[in-house]
Amino acid sequence: MSPEKVRAFPIDRQVFLVREVAAKLGNLHGEPATSFWRAKASELLDLVVGSGRDKIAAGDEVRRFFLAVQREMSGGTAAESTPILSA
């Protein structure tokens with residue numbers, strides 16, 4: 001199988017990572033929570049871009065990850081497909 005056909009597992013489906021970030025954010029408030037999220041989002045964006053995705057697709061994936069973290073923090077499951085926020 002050629003490398004361009006191999007795709008990394010989406011970060012929003014990595015339940016352990018979603019739960020780990022949700023737990024950390026659950027213990028932070030205000031500026032420490034914001035700083036933690038910005039650093040984590042930047043780290044994840046670099047990871048996804050490094051796996052071969054373009055920056056726009058990688059940003060979308062990080063946003064889906066953030067929604068999964070929000071669901072986890074609100075007591076939902078990380079694998080749910082219905083977002084909390086409406087457009």
Along the range 43-48, what does the Karplus equation 6.51 cos²θ - 1.76 cosθ + 1.60 (θ = phi - 60°) give for ³J(HN,Hα), rounded to whole Hz, x for Gly and Pro? 4, 5, 4, 4, 5, 5
Rounded to two decimals, what is Rg over Rh for the range 31-76 when you use alpha-carbon atoms and the Kirkwood radius? 1.03
Protection-proxy order for peptides 26-34, 65-73, each taking the mean of Cβ atoms within 10 Å per residue, highest first: 65-73, 26-34
I need the phi-derived Karplus couplings for the range 14-20: 6.51 cos²θ - 1.76 cosθ + 1.60, θ = phi - 60°, integer Hz, Gly and Pro marked x. 8, 4, 4, 5, 4, 5, 4
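Bear in mind these aren't lab numbers, they're just calculated from the coordinates by the rules spelled out. Worth saying up front: this structure is predicted, and the values here are computed from it rather than measured. Note that each Cβ is placed from the backbone with ideal geometry, even for glycine, and that neighbours are counted across all protein chains shown.
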